[in-house]
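Participant: Quick one: structure below, then a few questions.
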Amino acid sequence: MSETKKKLGLMALIPARGGSKGIPKKNIKILGGKPLLAHSIEFAINISEIDRVIVSTDSQEIAEIALKYGAEVPFLRPAELANDSAPMYQTVKHSIDFLREQGINYEYLALLQPTSPFRRRSDFIVAMNQILNDRDIDSVVSLDRLPNHLSPDFLMSIEGGIVRPFMGSKVPVSRRQDARPAYTRNGQFYLGKISSFSDDNTIYGNRSVPFITSHKAVNLDTMDDWEAAVTLMKSWTS
């Protein structure tokens, strides 16, 4: 490991639990000739500024595949952090605490969800430099802008069989072009200062800034999502 990389202090964490309802065994399901998990591992390994690539999993099978593709698996995640209700913050904190107990400390974290395998290296590098060069930023989060018709200003809810504005008493807008812009996290990457969230209950810190990625994400949750990913993979270049 070079001195430059040691000084940078950036670790990548890839969370990959064994359970999956919408797509059985999705983290190791083959996409583009390799397990889904491998796409995120190889992405991280090919970013020279990342010092270490760690996979957090509760599955021995996933651990073996992660090791095969070049990641480290220094621990198996406890079962209570590997269910549907476990917050991502707890998974991240467990990983950081484990490393600290080994005397290993990092300044920055890159969180890469394997269910969003389509990332552009150019996006990641820009976001990484943003947080490295601005000490006032706690985190950078990748986002997609939602279509205007999905803005909360335009949404409705159904309460007791009655249609009501989703925003409560606020009257919804009548024209899509009048809706305020809204965004969703797309899972491509999160970059943060470890010190900004290690003693809180959020990974974002007090000042989290957006990074609108250069393409729409495919977040794999259902078989329809998977079929879309299979089609995209045929023409994908990062």
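Participant: Scan the stretch 50-70 for residues that are open to solvent by less than 10 Å² (accessible area, probe 1.4 Å), out of contact with any Asp or Glu (no Cβ under 6 Å at 6 or more places or on another chain) and in contact (Cβ under 8 Å) with a residue 40 or more places away in the chain and jot them down.
Facilitator: Of the residues in the stretch 50-70, the ones open to solvent by less than 10 Å² (accessible area, probe 1.4 Å) are 50, 54-57, 62-63, 66.
Filter once more, keeping what is out of contact with any Asp or Glu (no Cβ under 6 Å at 6 or more places or on another chain): 50, 55-57, 62-63, 66.
Ile50, Val55, Ser56, Thr57, Ile62, Ala66, listed by residue number.
Participant: What tally of residues in the stretch 23-62 results from selecting those that are part of a loop (DSSP other than H, G, I, E, B), in contact with a helix residue (DSSP H, G or I) (Cβ under 7 Å, 6 or more places away or on another chain) and small (Gly, Ala, Ser)?
Facilitator: First pass over the stretch 23-62, keeping only residues part of a loop (DSSP other than H, G, I, E, B): 23-25, 29, 32-33, 46-51, 57-59.
Restricting the remaining residues to those that are in contact with a helix residue (DSSP H, G or I) (Cβ under 7 Å, 6 or more places away or on another chain) gives 23, 29, 32, 47, 49-51, 57-58.
When the remaining residues are screened for being small (Gly, Ala, Ser), the result is 32.
The qualifying residues number 1.
Participant: Among the residues of the stretch 88-104 satisfying the criterion of being free of Cβ contacts under 8 Å to residues at least 24 places away in the same chain and outside any helix (DSSP H, G or I), which is farthest from Gly187 (Cα to Cα)?
Facilitator: Narrowing the stretch 88-104 to residues free of Cβ contacts under 8 Å to residues at least 24 places away in the same chain: 90, 97, 100-101, 103-104.
Narrowing the set further to residues that are outside any helix (DSSP H, G or I) leaves 103-104.
Working: Gly103: 29, Ile104: 26 Å.
Only one residue fits best here, namely Gly103.
Participant: Are any of the residues in the stretch 74-84 closer than 25 Å to Pro24 by Cβ and without any contact (Cβ under 8 Å) to a residue 12 or more places away in the chain?
Facilitator: Checked the stretch 74-84: at least one residue is closer than 25 Å to Pro24 by Cβ and without any contact (Cβ under 8 Å) to a residue 12 or more places away in the chain.
Participant: Among the strands (runs of 3 or more DSSP E) lying completely within the stretch 111-226, list those that include at least 3 residues that are within 19 Å of Phe43 (Cβ to Cβ).
Facilitator: Values: elements: 139-145, 156-159, 162-165, 183-193, 208-212.
Because the criterion is at least 3 residues that are within 19 Å of Phe43 (Cβ to Cβ), the strands (runs of 3 or more DSSP E) in the stretch 111-226 that meet it are 139-145, 183-193.
Participant: Looking at the stretch 175-215, which of its residues are open to solvent by 50 Å² or more (accessible area, probe 1.4 Å), within 14 Å of the chain's Cα centre (by Cα) and not hydroxyl-bearing (Ser, Thr, Tyr)?
Facilitator: Within the stretch 175-215, Arg185, Pro210, Ile212 meet the criteria.
Participant: Give the number of residues within the stretch 199-214 that are out of contact with any Lys or Arg (no Cβ under 7 Å at 6 or more places or on another chain) and at pLDDT below 85.
Facilitator: Of the residues in the stretch 199-214, 4 are out of contact with any Lys or Arg (no Cβ under 7 Å at 6 or more places or on another chain) and at pLDDT below 85.
Participant: Across the stretch 107-160, what is the total count of residues that are open to solvent by 60 Å² or more (accessible area, probe 1.4 Å), among the acidic types (Asp, Glu) and touching a strand residue (DSSP E or B) at 6+ places or on another chain (Cβ under 9 Å)?
Facilitator: 1
Participant: Taking Ala44, is it modelled with pLDDT under 95 and open to solvent by less than 10 Å² (accessible area, probe 1.4 Å)? Walk me through how you get there before you give the answer.
Facilitator: Numbers: modelled with pLDDT under 95: no; open to solvent by less than 10 Å² (accessible area, probe 1.4 Å): yes.
It is false that Ala44 is modelled with pLDDT under 95 and open to solvent by less than 10 Å² (accessible area, probe 1.4 Å).
The values are calculated or read from the model by the stated rules, or taken from the named source; none is laboratory data. Remember, it's a predicted structure, so these values are computed and weren't measured experimentally. Note that we place each Cβ from the backbone using ideal geometry, even for glycine, and neighbour counts take in every protein chain shown. Calculation scope for accessible area: heavy atoms of the full protein, side chains included, ligands and nucleic acids excluded. Shrake-Rupley method; radii C 1.70, N 1.55, O 1.52, S 1.80 Å.
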